[in-house]
Each structure stands twice: as C-alpha cells, then as structure tokens.
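Here's the structure we're looking at; comments come further down.
The numbers here are math on the coordinates, done by the rules we state, and not lab data. Quantities reported herein were computed from a predicted structural model and do not represent experimental measurements. Cβ placement follows ideal geometry from the backbone for every residue including glycine, while neighbour counts extend to all protein chains displayed.
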Amino acid sequence: MEAHAQSVENHLIEGLDFSLGAGANYVTDRRSVSFFPQGGDYYSPTGVKVIKIGLNGDSWLDPSTVKLLFEIHNLDGTSALNPVGQPHVFFRRLRVMCGGVLLEDIDHYNRTHELFETCTASHHRSNLGIEGFGIGANENIPANSHRVVAMSLLSGILNQPKYLPIRYCPITIELELVSTPAIAVQSDASTNFVIRNVQLKADVITLDNAIDNDYASHLLQGKSLPINFSTYTTLSQVANASEVNLNISRALTRIKALFLTMVRTGDLTVSRTEANYFFHAMDGTYNPNNEVSIEVQLGSSRFPTYPIQSQAEAFYQLRKTLGMHSSAFHSLDITPVEYRRDKFIVGIDFEKVLDRAFTGYSSKAGDLLTVKMKNTGMANTDSGLVFTHLMFDSIMSINDTGIQVYD
C-alpha cells in the first residue's frame with residue numbers, strides 16, 4: 001500500500017494554483033440577435049401550418065442560446081384557450097436543413113419533446129413553465145387575448161457544444177403545426193388559435209480576422225469541420241392486442257438508444273392527448289398482474305439479455321439510458337403513481353460504453369430491430385398506438401463544396 005501511495009503523481013490543488021484561467025480574446029464581439037420566418041406571419045392548423053426560419057450571416061452561432069419565441073392568439077370571443085402542455089405541444093414535426101441537406105426530421109415532435117422534457121427534474125420543468133404556460137394547473141389564455149411564450153428546440157445540432165459557422169452552413173428550421181387543435185389544447189374550451197410574431201433568438205459571436213481566416217483557409221485546402229450530434233426518429237404503429245410484435249427497419253450506423261411509449265386512444269380526454277399521454281395498464285395502482293414484459297432484439301443481440309418483466313426494471317433501464325442511474329442528484333419529473341398511469345416510458349441503451357459517442361450498434365447491414373411486448377393492457381377491442389423513439393449518432397461535415405451528413 002505504501003509503495004503505491006508514494007508513486008502517486010502530485011499536482012497543485014486548486015487553492016494553491018494561482019495561474020490565471022484561459023481567455024478567449026480572439027472573440028471580438030457577441031450579439032443577441034433575432035431571426036424571423038420567411039413569408040407570412042399568421043399560422044394556424046387550418047391555414048399556413050409550416051413555419052420556416054433561415055439562420056445565416058457572417059458570424060458563429062452559439063447553439064446553446066437558441067430559443068423560439070411566438071405569440072399564441074386566442075380568437076374565441078367567449079372561451080379561454082387551455083393548452084395541454086408547454087409550447088412544444090403545438091408542433092407535430094420538426095425539420096432542420098443545412099445548405100439544402102436534410103439534417104433532422106422528427107415526426108410526432110410534440111410527443112417526443114414531451115418525453116424528454118418529462119425525463120428532466122421537476123424544478124427544471126418549473127422554470128420552463130415561466131417561459132411557457134405555467135406548471136401543473138396551466139395558466140390559460142383568456143378569450144380575445146394572447147400570450148408570448150418561449151421554447152427550446154429538441155434538435156441534435158442545436159444541442160451540441162460546437163459553435164456553428166452559419167456563413168458556411170446556413171441552417172433552415174421548419175416547424176409544422178398540428179392538424180388537429182384538440183391535440184394541443186383542451187377541446188372543451190376554445191380551439192380557435194393562431195400563432196404570430198415568431199422569432200428565433202440566439203447569440204452570435206465574431207472572431208478576429210486572423211482566426212477567421214484560418215478557418216477559411218482550412219476549408220479551402222479541402223479539409224472539413226465535422227460536428228457530431230445525436231438526433232431522433234419517431235415511428236408509430238397500431239397496437240390492439242395484449243401481445244405486440246414490432247419490426248423496425250432503419251439503416252443507421254450507430255443506434256444509441258430506443259425509447260418506447262404507448263397510447264390507448266379510448267383513454268384520451270380533453271387534457272390527455274397523444275402529445276402528453278404515456279399509457280400503462282395499471283392506471284396508477286400497482287397490480288402485479290399488469291406488469292408489462294418487453295424484449296428488444298437488434299440483429300442477433302438482445303437488450304437486455306432477459307426481457308424486462310416489471311415497472312421497477314423498466315424504470316431502472318430508463319435511468320440507465322438517460323445516464324443518471326448512478327447519480328444521487330439528478331432526477332426525473334415522474335412520481336411512482338404517474339409512472340404506472342400516464343408517464344410510462346421505457347428506455348433501452350444500445351451503447352457498448354454508456355454515454356460515449358459512436359459506441360452504439362449498427363443496423364447498416366440490414367439488421368432488423370424487433371420489439372416484443374406482452375401484457376400491454378391493450379385488448380382486441382382497443383385502438384392503441386406504440387411509439388418507438390430511436391436515438392442515433394450523426395455527423396455533419398462542413399467543407400468548401402457544401403454539407404455532408406452521415407448517419
């Protein structure tokens with residue numbers, strides 16, 4: 001023991017290290033800017049439904065600062081507008097393009113966003129409520145009134161740490177509104193709304209000429225700037241039986257994780273919609289006879305080796321997939337009753353090394369992803385849906401000839 005203790009390399013502790021921290025004087029300016037939609041300024045489920053915003057200029061975009069702001073106008077003269085969640089519930093699809101190349105295409109966007117927002121801490125969601133519609137008992141929009149709200153975007157390229165040189169990779173963001181207002185707002189009150197005054201807020205920085213020219217020279221030499229990010233694809237399939245088998249064919253180089261959620265459409269109400277309802281057969285009260293069995297197979301490999309047989313193991317697998325299974329400080333905004341009632345989310349991690357890029361499994365060789373579920377709580381007379389949310393690694397490569405995307 002003493003020999004090992006004496007061989008440890010010594011470093012100055014922080015309290016005795018008086019060297020100054022690193023600076024960044026090559027950044028000459030930082031500005032908070034606004035980007036506006038192309039075209040009109042009047043969006044609704046029955047009119048223009050696609051909001052398209054272009055991000056371009058000579059600066060570098062800080063993706064961590066991107067925020068979408070817009071006004072929700074209640075056009076009803078007598079009834080209040082009651083959203084069923086935060087601002088993301090109004091959008092069914094998100095597409096992100098760069099230099100004309102499709103980077104991300106997330107269908108069922110409102111449900112996918114709700115899934116990952118639910119998997120954050122309750123105090124974080126309370127803070128988001130300040131920018132949105134409150135928390136718990138939502139703060140409704142009175143008749144003939146409007147409210148300004150803000151939301152982050154569940155976009156992989158906007159949730160990675162690298163600054164984006166939008167001079168070389170101009171980005172276009174498309175958000176499509178829901179076609180059915182009752183998915184986003186309670187149908188027993190006003191369903192007549194429009195979205196106006198859309199703005200995308202972000203910070204951009206300016207580099208001094210020397211380092212800016214270095215990046216330009218780097219690209220002109222035929223080299224590239226690769227940016228790794230994780231993104232999502234969401235599929236829905238009909239489930240109307242107690243036992244469900246799903247086959248997913250998607251050629252991806254590195255699949256990181258799979259998230260599973262369910263909806264039993266007969267349980268939908270004015271406040272419980274496809275955007276925010278994650279069904280479990282127990283309906284809140286624990287019953288061992290209603291435990292769901294889940295088995296996932298990718299090619300010849302099974303995840304986990306033996307099927308998930310309980311809500312306890314399902315929640316353990318979810319926390320592991322989210323990278324917080326060993327943390328005493330990070331939590332999910334889910335109570336035990338909620339998990340076995342309307343927040344039942346299952347996560348399966350495919351990474352060989354947890355929380356490390358490019359360690360997931362490949363399906364490029366045509367390997368089929370199969371999900372087997374038993375005791376789902378769906379009967380033959382029910383109309384239900386199973387949603388599969390795939391998370392995978394992707395790379396955007398910026399070069400002098402344009403943009404290339406690898407997934």
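For this structure, a couple of remarks:
- Max-minus-min Cα coordinates of segment 229-397 on each principal axis give 45, 38, 32 Å, with the largest extent listed first.
- For segment 280-345 versus segment 76-143, the gap between their alpha-carbon centres in whole angstrom: 24
- Interchain or long-range residues, amide H under 5 Å from D41's placed H: none
- Distance from the Cα centroid of segment 13-42 to that of segment 227-242 is 35 Å (rounded to whole angstrom).
- Point-charge dipole on Cβ atoms (K/R +1, D/E -1) for the chain, about Cα centre, debye to 20: 720
- Remark: segment 151-167, residue by residue, has Karplus-estimated 3J(HN,Hα) of 8, 7, 9, 7, 10, x, 5, 9, 10, 10, x, 6, 5, 9, x, 5, 5 Hz, where x stands for each Gly or Pro and the curve is 6.51 cos²θ - 1.76 cosθ + 1.60 at θ = phi - 60°.
- In the chain, the DSSP beta bridges split such that about 100 percent are antiparallel, to the nearest 5.
- Segment 229-397 - charge dipole about Cα centre, Lys and Arg +1 at Cβ, Asp and Glu -1, debye rounded to 20: 400
- For S145, the amide hydrogen comes within under 5 Å of the amide hydrogens of N74, counting only partners 5 or more places away or on other chains and with H modelled in the peptide plane.
- In the elastic network of the chain, a GNM with C-alpha springs shorter than 10 Å, the most mobile of P226, P83, P288 is P288.
- Shape class of the chain from the Cα gyration tensor (axes a ≥ b ≥ c, square roots of the eigenvalues): oblate, since a/c reaches 1.5 or more and a/b does not exceed b/c.
- Lys-Lys pairs in the chain that are eight or more residues apart or on separate chains and whose Cα atoms lie under 14 Å of each other come to 5.
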